[in-house]
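In what follows, a structure is listed as structure tokens, so that the remarks can point back to it.
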Amino acid sequence: MTQHAHQDLTDAALEDLIVCPACDALYRVPDVPIGGRGRCGRCGHSLAAPRKNAMARIVMLASTSLVLMTAAIFFPFIELSAGGMTRRSSVLDAALTFSQGITVPLALAVAAFIVVLPMIRLAAIVYALAPMSFGWHAAPYAKRAFRLAETLKPWAMAEIFVIGVAVALVKVAGLATVGLGTAFWALVLLVLVNILNDTFMCKLTLWRTLEHRSRS
Ligand SMILES: [Zn+2]
């Protein structure tokens, strides 16, 4: 990819420009063949990597994540046994443990970051991309939904929660017998599916398809 995009910036051409998120170099939207990868000429950051059937895969993986997230909420998360007593907790129990007095806002924020925001994000991705993955026009407000999903990405912290719980369990393991419930494994799978999903997510291609297929 060569870097002479900053010449003749007419209004029409402006839509075809992208900025490297890593080093701010300006490029014309590259025509990268499917399976190829367009990199920033200055810093090597991947700018475009369209994949075959990416749309369908992203929708499938996001739907899988939604199912896993639902399982993670309703199945037991961990089981602690000590001195003949066993206690099962769900993810929501864990998040709302501290919901008394002034810590209520904290508990609600934890629940939002672990469960609510990731679910809204996944639902927004499915809503925005599913019709297009079937070859139809984009759903109404698809662009807005996809932008919402992008905005929520840094705030959807199921991954961090899983890592945090894993670290905490190592410490508790000496004091009590710890059993990992279905919900824990559902969340672990969810993290893996999300990583897989990010490799299919070529935002440039998705946004272009959204622009072309949206009627508004
Ligand atoms: Zn760059």
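Conditions (1) of a type outside the set (Phe, Trp, Tyr); (2) surrounded by fewer than 17 Cβ atoms within 10 Å (Cβ to Cβ); (3) assigned by TED's automatic domain parsing to the domain that holds Leu196; (4) touching a Pro at 6+ places or on another chain (Cβ under 6 Å), marked per residue:
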{"residue": "Val59", "(1), (2), (3), (4)": "yes, no, yes, no"}
{"residue": "Ser65", "(1), (2), (3), (4)": "yes, no, yes, no"}
{"residue": "Phe74", "(1), (2), (3), (4)": "no, yes, yes, no"}
{"residue": "Ile78", "(1), (2), (3), (4)": "yes, no, yes, no"}
{"residue": "Ser81", "(1), (2), (3), (4)": "yes, yes, yes, no"}
{"residue": "Met85", "(1), (2), (3), (4)": "yes, yes, yes, no"}
{"residue": "Val91", "(1), (2), (3), (4)": "yes, no, yes, no"}
{"residue": "Ala95", "(1), (2), (3), (4)": "yes, no, yes, no"}
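Restricting the stretch 11-34 to residues that are at pLDDT below 80 and among the small types (Gly, Ala, Ser), the residue that is nearest to the ligand (Cβ to nearest atom) is Ala13.
Residues in the stretch 38-96 that are assigned to a loop (DSSP other than H, G, I, E, B) and either of a type in the set (Val, Ile, Thr) or more than 16 Å from the ligand (Cβ to nearest atom) (or both): 10 in all.
Only one of (1) in contact with an Asp or Glu (Cβ under 8 Å, 6 or more places away or on another chain); (2) loosely packed, with under 15 Cβ neighbours inside 10 Å fails for His212. Which number is that? So the condition that His212 fails would be (1).
Does any residue of the stretch 101-109 turn out to be of a type in the set (S, T, N, Q) and either in contact with a helix residue (DSSP H, G or I) (Cβ under 6 Å, 6 or more places away or on another chain) or not in a helix (DSSP H, G or I) (or both)? Outline the logic, then answer.
Initially, the stretch 101-109 is screened for residues of a type in the set (S, T, N, Q), giving 103.
Next, only the ones that are either in contact with a helix residue (DSSP H, G or I) (Cβ under 6 Å, 6 or more places away or on another chain) or not in a helix (DSSP H, G or I) (or both) stay: none.
Looking through the stretch 101-109, none of the residues is of a type in the set (S, T, N, Q) and either in contact with a helix residue (DSSP H, G or I) (Cβ under 6 Å, 6 or more places away or on another chain) or not in a helix (DSSP H, G or I) (or both).
Yes/no per residue for (1) touching a helix residue (DSSP H, G or I) at 6+ places or on another chain (Cβ under 7 Å); (2) closer than 30 Å to Met132 by Cβ:
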| position | (1), (2) |
| --- | --- |
| Ala176 | no, no |
| Gly181 | no, no |
| Leu187 | yes, yes |
| Leu192 | no, yes |
| Lys203 | no, yes |
| Thr209 | yes, yes |
| Arg213 | yes, yes |
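For beta carbons closer than 8 Å, sequence separation of 6+ or different chains, a first residue in the stretch 155-181 that is under 18 Å from Leu192 (Cβ atoms) and β-branched (Val, Ile, Thr) and a second that is at pLDDT below 75 and assigned to a helix (DSSP H, G or I), the qualifying pairs are Val165/Ala94.
When you scan the stretch 109-131, do you find a residue that is β-branched (Val, Ile, Thr) and over 15 Å from the mean Cα position of the chain (by Cα), even just one? Write out each step before concluding.
So the first thing to find is which residues in the stretch 109-131 are β-branched (Val, Ile, Thr), and the list is 110, 114-116, 120, 125-126.
If we keep only those that are over 15 Å from the mean Cα position of the chain (by Cα) as well, we get 110.
Among the residues of the stretch 109-131, at least one is β-branched (Val, Ile, Thr) and over 15 Å from the mean Cα position of the chain (by Cα), which makes the answer yes.
For the stretch 125-148, state whether one or more residues are among the hydroxyl-bearing types (Ser, Thr, Tyr) and either touching a Phe, Trp or Tyr at 6+ places or on another chain (Cβ under 8 Å) or within 22 Å of Val67 (Cβ to Cβ) (or both). Spell out the reasoning first.
Going through the stretch 125-148, the residues among the hydroxyl-bearing types (Ser, Thr, Tyr) turn out to be 127, 133, 141.
Okay, now just the ones that are also either touching a Phe, Trp or Tyr at 6+ places or on another chain (Cβ under 8 Å) or within 22 Å of Val67 (Cβ to Cβ) (or both), so 127, 133.
Yes.
Pairing residues of the stretch 69-95 that are among the hydrophobic types (A, V, I, L, M, F, W, C) with residues that are loosely packed, with under 13 Cβ neighbours inside 10 Å, at Cβ distances under 6 Å and at least 6 apart in sequence or on separate chains, gives Leu80/Arg87.
The values are calculated or read from the model by the stated rules, or taken from the named source; none is laboratory data. Quick caveat, the model's predicted, so the values are computed rather than measured. For neighbour counting, all protein chains shown are included, and Cβ atoms are generated from backbone atoms with ideal geometry for every residue, glycine included.
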